[in-house]
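> Below are the structure tokens for one structure; questions will follow.
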Amino acid sequence: MVFPSGQAAVFRPAAERFHTRLSWLDSWHTFSFAGHHDPSWMGFRSLRVINDDRIEAGRGFGLHPHREMEIITVMVEGRIRHSDSMGHSQLLHAGEVQRMSAGTGLSHSEINDGSEPCRLLQIWIEPGSSGEAPAYEQKPFAIRPSWTPLIAPDRLHGAMAVNRAVRLWRAQPVADQTLSCLLSPGTHGWIQMVDGFGQADGHALERGDGFGFAAGGVNQFTAGPGGADLLLFELG
């Protein structure tokens with residue numbers, strides 16, 4: 001796919017993502033994950049995983065290990081309880097974001113201890129360096145119609161930082177609102193649609209769609225009649 005600017009972009013339609021369906025989990029994988037493997041979809045730049053998970057009440061992921069990965073959880077609906085080998089046991093509610101640097105190794109669990117299903121986006125990013133100590137942080141964010149910074153190396157405007165020079169924003173633009181998607185020169189962007197509809201430089205996008213582009217390849221996003229909810233990554 002090529003946008004009007006002439007910059008090639010990688011489009012990932014929602015319906016073409018990998019799908020895991022269990023009695024307690026409905027998960028859509030933008031990139032190769034677990035038993036789903038396709039050499040053409042191993043990630044985008046340092047972005048390795050975007051899983052859109054719906055977890056039934058009382059169920060979840062038991063204790064399991066991670067190493068050398070930056071893990072970001074964007075809570076969309078409901079709540080989940082996080083427990084880990086660093087001693088944390090905390091609830092993550094809708095509107096909150098968790099960042100976890102696995103570093104030299106940790107174990108954690110994620111259980112929906114609420115009475116309703118919950119929905120979250122779990123994101124994995126390759127770390128900028130190895131051998132670092134594990135770290136954990138979570139914060140609530142008031143998502144605005146304009147870009148709300150969630151992750152940033154400089155932590156400006158309350159954003160959290162991970163072990164990688166990446167930026168992540170979330171926005172919930174109202175109907176027909178236009179957002180700039182201009183990124184720093186030499187970087188790459190990825191838009192992930194959380195909900196709603198819109199257009200990126202004229203290309204229609206809906207819930208679950210994603211695409212990557214070089215800086216300058218996409219100039220703006222315009223929300224559809226019902227508004228939209230989306231993430232924007234800036235990747236080196």
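> Got a number for the accessible area of W169? Probe 1.4 Å, square angstrom, nearest 10.
50
> Let me ask something else. Leaving out ligands and nucleic acids, note down the accessible area per residue over the chain with a 1.4 angstrom probe, in whole Å².
I get 42 Å² per residue for the chain.
> Mind checking the full-extension length gain between D154 and H203? Use 0.36 nm per residue of separation minus the Cα-Cα distance, one decimal, nm.
14.4 nm
> Which shape class applies to the stretch 94-147: rounded if a/c is under 1.5, otherwise prolate when a/b exceeds b/c and oblate if not, where a ≥ b ≥ c are the square roots of the Cα gyration tensor eigenvalues?
Taking the square roots of the gyration eigenvalues as a ≥ b ≥ c, the stretch 94-147 is oblate.
> Provide the convex hull volume over Cα atoms per residue for the chain, in Å³.
Taking the convex hull of the Cα positions in the chain, it is 122 Å³ per residue.
> How much solvent-accessible surface does T222 expose, in Å² to the nearest 10, with a 1.4 Å probe and all protein chains in place?
T222 exposes around 40 Å² with every protein chain in place.
> When all alpha-carbon pairs of the stretch 166-211 are counted, what percent fall beyond 12 Å?
66
> A further question follows. Run the 1.4 Å probe and let me know the accessible area of H108, rounded to the nearest 10 Å².
Surface accessible to solvent at H108 totals approximately 0 Å².
> With every protein chain kept in the model, how would you rank E77, E137 by accessible area, 1.4 Å probe, largest at the top?
Working: E77 70, E137 40 Å².
Solvent-accessible surface, decreasing: E77, E137.
> Keeping every protein chain in place, order V174, V74 by accessible area at 1.4 Å, biggest value first, i.e. largest first. Please list the in-between numbers first.
Numbers: V174 85, V74 0 Å².
Final ranking, largest accessible area leading: V174, V74.
> Summarise the accessible area of the chain (1.4 Å probe, protein heavy atoms) by the percent that is carbon and sulfur.
Whole-percent figure for carbon plus sulfur exposure: 52.
> Express the C-alpha Rg of the stretch 109-236 as a ratio against the empirical globular expectation 2.2 N^0.38 Å, rounded to two decimals. Mind dumping the intermediate values first?
Working: Rg = 15.5 Å, N = 128, 2.2 N^0.38 = 13.9 Å.
So the Cα radius of gyration is 1.12 times the expected 2.2 N^0.38 Å.
> Ok, one more. Treat the stretch 82-176 as a sphere of radius equal to its Kirkwood radius over Cα pairs and apply Stokes-Einstein at 10 °C in a medium of 1.306 mPa s; give the translational diffusion coefficient in µm²/s, rounded to a whole number. Write out the running numbers ahead of the final one.
Working: Rh = 14.8 Å.
Translational D for this selection: 107 µm²/s.
> Ranked from the most accessible area to the least, with a 1.4 Å probe and all protein chains present, what is the order of F33, F211?
Output order, biggest surface exposure first: F33, F211.
The values are calculated or read from the model by the stated rules, or taken from the named source; none is laboratory data. Not measured: the values here are computed from a predicted model. When the accessible area is computed, the model is the full protein with side chains, heavy atoms only, and any ligands, DNA or RNA have been set aside. Shrake-Rupley method; radii C 1.70, N 1.55, O 1.52, S 1.80 Å.
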